[in-house]
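Novice: Next up is a structure, given as structure tokens.
The values are calculated or read from the model by the stated rules, or taken from the named source; none is laboratory data. Just so it is clear, the model here is predicted, and its values are computed rather than measured. Neighbour counts run over all protein chains shown; Cβ positions are idealised from the backbone, glycine included.
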Amino acid sequence: MSLILYFSPLSPPSRAVRSFLLLSKAVFQGKVVDLLKGEHKSAEFSNINPNESLPALVDGGLKMFESHAILKYIAVKKQLYQYYPKNSRNRAQVDCYLDWSQTGLEAIGKYVNQCFLFPKFMNKPVPDNKQELHKDVIDTLKFFESTFLTGRYIFNQSAITLADIKATSDLSQLLASDLDFNQFPKIKEYLQEMFSIQPIKEAYAEYLQMINSSNPNDCVSYIINGVDKSQSWKITLYMHPFSSPSRAARTVLLFSGLDYNEKTVNLLQGEHKQPEYSAINPNQSIPAIVDENIKLFESGAVMKYVARKFNLYNLYPTQLQPKAKVDEYLDFHLTEMNSISKYTFSCFMGPQMMKLPIPADKDQQLQNVIGTLEFFSKVFLNNGKWQFINDSPQPTLADIKVGCDLGQLFITDFPFEKIPGLENYVKRLFDIPEMRRSHCEMFGFLQNQKIGRFAQSICQTQPLRSQERITLYFNFVSPPAKAAKSLLMLANIPFTEKVIDVQAGENKKKPFTDINPNESIPALSFGNFNLFETHAIMKFICIQFNLTDFYPNYPLRAKIDCYLDFHHSETRKISLFVLDFFFGPKFLKREMPKNQEDREREVSELLHFIVNVFFAGGKYKYVMGSRTPTIADLSLICEITTLFFVDFDFSQFPTLKAYLKDMFNMKQVRETYSKFFMVTRFMSKSMNPFIESIAKGTEEGGSSCCQLI
């Protein structure tokens, strides 16, 4: 059964999901929901998405809303790990942007809607504070550029991810405004590249037509109608990620740091023999490059050309003798290292991928590879005593070339430990970020195969090193910080807690701003890896430590993601209510709003919705029917407990009362909240029996002599 996407061309999140479906070439049926006619509030659509928002997805019996949850579900269901990486750190960075964008880009939607779209389509007046809203957008974009757009793509990832697909939908709202994109050249070029990708442009067709019809300025016209960036990069690499020579050429291009276009040549479909490719490389092999008027094939020639053009002297020295030593190995490699490729393909890749028979001389081929690598280690690594080939102080083209060939052996049963120094040499090579990035697809493939322990240690997420310990930057007042700490406590993961004094402004000063430029709590450090946004932090912890109880596998994970995304935009309204009617007047000298009854009613309606949708009207013990608490539950309780400050009446929510009692009967969760509960009891003017029982750890109406804190 094909997927059904309910969307509107006017909805930015809809455009993100539609883009991804078109990029993935998934079979799906699109159904347009007319927002202006209120079709999203119809009984038919509410049955699919009770939140009455777009987009929504139906996959057989599964109904989903919240765009981020949908994007992740599609990526995992279709195994599109190039868009949602398996590597825990890369995936955490994608999650970090997605979670931040839920609230961090509110200024964009507010500015575009109030100052442009509402006046145009709903005849509403332009607000008096337009300039103030415009300034908020400028500040937001500056933060986005400096924190997230640190390379060609979000977080300097090597290729487009879900973060870029979502960022395009977020930023493209501004095409309908008067923003001067010349103030943000990186964003301007970034969006132009995104819209040069045909599936994305197709997903935005109606929206871009609307923009074009409104006489856009030159900047906006350039972004949506400019030249196809995929054709304009000076260098285009034709390659396949499973080809060792291709990965070698790709690695050198990654070292250069330049923007280049990459085109995959499908060998199994014979694309390398087609006239179009033969005109580029008459040898019909990969890799090949096109750089303006020059066409070049043979990986060694390509590697040297890129190194010379971009002055990569560390990789390919200019001094005569070091350069000659690199050339010596590359020439040796051409004729003497073929046994590796032959053994890998004929004995493993060919039988697995093309159903070819395993050759009778497999054992002899293995001995040939062992002999070749024994010679390699003896001559070029001095029996493992040298760090890199020919005692170079840093890796060169020679190391890149042999490293990519050695990577082929990961799918085999090759005994790396038998060759002196080879294991450490291989580890050293794949500690190089550019080498790991160039092998990302291959590593993703290998993680689903039966491979040796050494190969697993290279291909999988880097193991926790003894010096790498999680540091959680925490403040007990922060609801999301308590969620992250609760997870670490429940999972019994050792961590260092560093309290950030928000009142003293420590969150706005170095060294914390180096760890989290968003200046929010919590944040996490893991070795030299830093992360902010609570949900991204909790997902990273779960993936890094394989905590599938707290972040289950699909399809339940998709439902957990659905709640987490809903939490950002809806559940957090509880904290805003408490801020307006407790913390604001008490500590920030803010005037209390006069619509308290209306706001209380909104909170009650929200809680009823949570019970009806995420607890199935009280049938589920935990969010989305999980048999055990998940990170969705840890996020929910941290928000609900803020209502303790305003003595909220939970009597109309028996499901939530039982739920909170169960969650806070968990010793680790209660320990996390212990200081928060003491402060709540101290600061609250009054406390109803239920809240008091949770805060004290007693039965409702029971004696405080048995309190747990």
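Novice: Under the condition of being part of a loop (DSSP other than H, G, I, E, B) and of a type in the set (V, I, T), which residue from segment 614-638 is modelled with the highest pLDDT?
Specialist: Selected residue: T630.
Novice: Could you say whether any residue in segment 653-669 is β-branched (V, I, T), outside any helix (DSSP H, G or I) and either touching a strand residue (DSSP E or B) at 6+ places or on another chain (Cβ under 7 Å) or surrounded by 17 or more Cβ atoms within 10 Å (Cβ to Cβ) (or both)?
Specialist: Taking every residue of segment 653-669 in turn, none turns out to be β-branched (V, I, T), outside any helix (DSSP H, G or I) and either touching a strand residue (DSSP E or B) at 6+ places or on another chain (Cβ under 7 Å) or surrounded by 17 or more Cβ atoms within 10 Å (Cβ to Cβ) (or both).
Novice: Right, here's the next one. For S8, only one of the following conditions fails: (1) under 21 Å from T147 (Cβ atoms); (2) crowded, with 19+ Cβ neighbours inside 10 Å. What is its number?
Specialist: (1)
Novice: Cβ-Cβ under 6 Å, sequence separation 6+ or interchain: first residue in segment 551-564 and at pLDDT 90 or above, partner in a loop (DSSP other than H, G, I, E, B). Which pairs?
Specialist: From segment 551-564, the pairs are I560/T630; C562/E66.
Novice: Oh, and also: Provide a single number: the residues in segment 263-284 that are touching a residue at least 40 places away in the same chain (Cβ under 8 Å) and not β-branched (V, I, T).
Specialist: 2
Novice: While we're here: Would you confirm whether any residue within segment 291-306 is over 28 Å from D391 (Cα atoms) and polar (S, T, N, Q)?
Specialist: Yes.
Novice: Let me ask something else. Within segment 59-79, how many residues turn out to be assigned to a helix (DSSP H, G or I) and under 13 Å from L162 (Cβ atoms)?
Specialist: Total satisfying the criteria: 10.
Novice: Identify all residues within segment 493-524 that are free of Cβ contacts under 8 Å to residues at least 12 places away in the same chain and part of a loop (DSSP other than H, G, I, E, B); write none if there are none.
Specialist: Within segment 493-524, Q503, A504, G505, K509, K510, P511 qualify.
Novice: When you check Y673 against the structure, is it in a loop (DSSP other than H, G, I, E, B) and either in contact with a Ser or Thr (Cβ under 7 Å, 6 or more places away or on another chain) or within 30 Å of N546 (Cβ to Cβ) (or both), yes or no?
Specialist: No.
Novice: Among the residues of segment 236-288, what is the count of those that are among the acidic types (D, E), out of contact with any Leu (no Cβ under 9 Å at 6 or more places or on another chain) and not in a loop (DSSP other than H, G, I, E, B)?
Specialist: Residues flagged as among the acidic types (D, E), out of contact with any Leu (no Cβ under 9 Å at 6 or more places or on another chain) and not in a loop (DSSP other than H, G, I, E, B) within segment 236-288 amount to 2.
Novice: If you don't mind, there's one more thing I want to ask. Within segment 254-271, track down each residue that is surrounded by 20 or more Cβ atoms within 10 Å (Cβ to Cβ), out of contact with any His (no Cβ under 8 Å at 6 or more places or on another chain) and at pLDDT 90 or above.
Specialist: Hits for segment 254-271: nothing passes.
Novice: Here are the criteria: (1) touching an Asp or Glu at 6+ places or on another chain (Cβ under 9 Å); (2) surrounded by fewer than 16 Cβ atoms within 10 Å (Cβ to Cβ); (3) among the hydroxyl-bearing types (S, T, Y). Tell me which single one T548 does not satisfy.
Specialist: (1)
Novice: If P479 meets every condition in (1) buried (at least 20 other Cβ atoms within 10 Å of the Cβ); (2) under 25 Å from the mean Cα position of the chain (by Cα); (3) under 30 Å from H240 (Cα atoms) apart from one, which number is that one?
Specialist: It fails just one condition, (3).
Novice: Assigned to a loop (DSSP other than H, G, I, E, B) and not charged (D, E, K, R): does that describe P585?
Specialist: When the stated conditions are applied, P585 does not pass them.
Okay, residues lined up against (1) within 18 Å of E692 (Cα to Cα); (2) more than 29 Å from the chain's Cα centre (by Cα); (3) surrounded by fewer than 20 Cβ atoms within 10 Å (Cβ to Cβ); (4) of a type in the set (A, V, I, L, M):
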{"site": "F566", "(1), (2), (3), (4)": "no, no, no, no"}
{"site": "S569", "(1), (2), (3), (4)": "no, no, yes, no"}
{"site": "I574", "(1), (2), (3), (4)": "no, no, no, yes"}
{"site": "K586", "(1), (2), (3), (4)": "no, yes, yes, no"}
{"site": "N595", "(1), (2), (3), (4)": "no, yes, yes, no"}
{"site": "S604", "(1), (2), (3), (4)": "no, yes, yes, no"}
{"site": "T628", "(1), (2), (3), (4)": "no, no, yes, no"}
{"site": "D633", "(1), (2), (3), (4)": "no, no, no, no"}
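Novice: Here's another thing I want to ask about it. Go through segment 400-425 residue by residue and tally those that are surrounded by 22 or more Cβ atoms within 10 Å (Cβ to Cβ) and either of a type in the set (G, A, S) or in contact with a Gly (Cβ under 9 Å, 6 or more places away or on another chain) (or both).
Specialist: 8
Novice: Residue by residue through segment 426-440, note down the ones that are crowded, with 18+ Cβ neighbours inside 10 Å and part of a loop (DSSP other than H, G, I, E, B).
Specialist: Listed by number, the residues that qualify are F430, I432, H439.
Novice: Suppose the filter is modelled with pLDDT under 95, crowded, with 20+ Cβ neighbours inside 10 Å, out of contact with any Ser or Thr (no Cβ under 6 Å at 6 or more places or on another chain) and not assigned by TED's automatic domain parsing to the domain that holds T412; does F526 pass it?
Specialist: Spelling it out, F526 is indeed modelled with pLDDT under 95, crowded, with 20+ Cβ neighbours inside 10 Å, out of contact with any Ser or Thr (no Cβ under 6 Å at 6 or more places or on another chain) and not assigned by TED's automatic domain parsing to the domain that holds T412.
Novice: Pairs please, first residue from segment 66-86 and not assigned by TED's automatic domain parsing to the domain that holds S2 and modelled with pLDDT under 90, second anywhere and buried (at least 19 other Cβ atoms within 10 Å of the Cβ) and part of a loop (DSSP other than H, G, I, E, B), Cβ atoms under 7 Å, 6+ apart in sequence or on different chains.
Specialist: As it stands, the answer is none, since no pair meets every condition given.
Novice: Enumerate the helices (runs of 4 or more DSSP H) found wholly within segment 297-416, keeping only those where 2 or more residues are of a type in the set (D, E).
Specialist: Result: 320-336, 362-380, 397-408.
Novice: Within segment 109-124, restricting attention to residues that are more than 12 Å from D178 (Cβ to Cβ) and in contact (Cβ under 8 Å) with a residue 60 or more places away in the chain, which residue is surrounded by the most Cβ atoms within 10 Å (Cβ to Cβ)?
Specialist: G109
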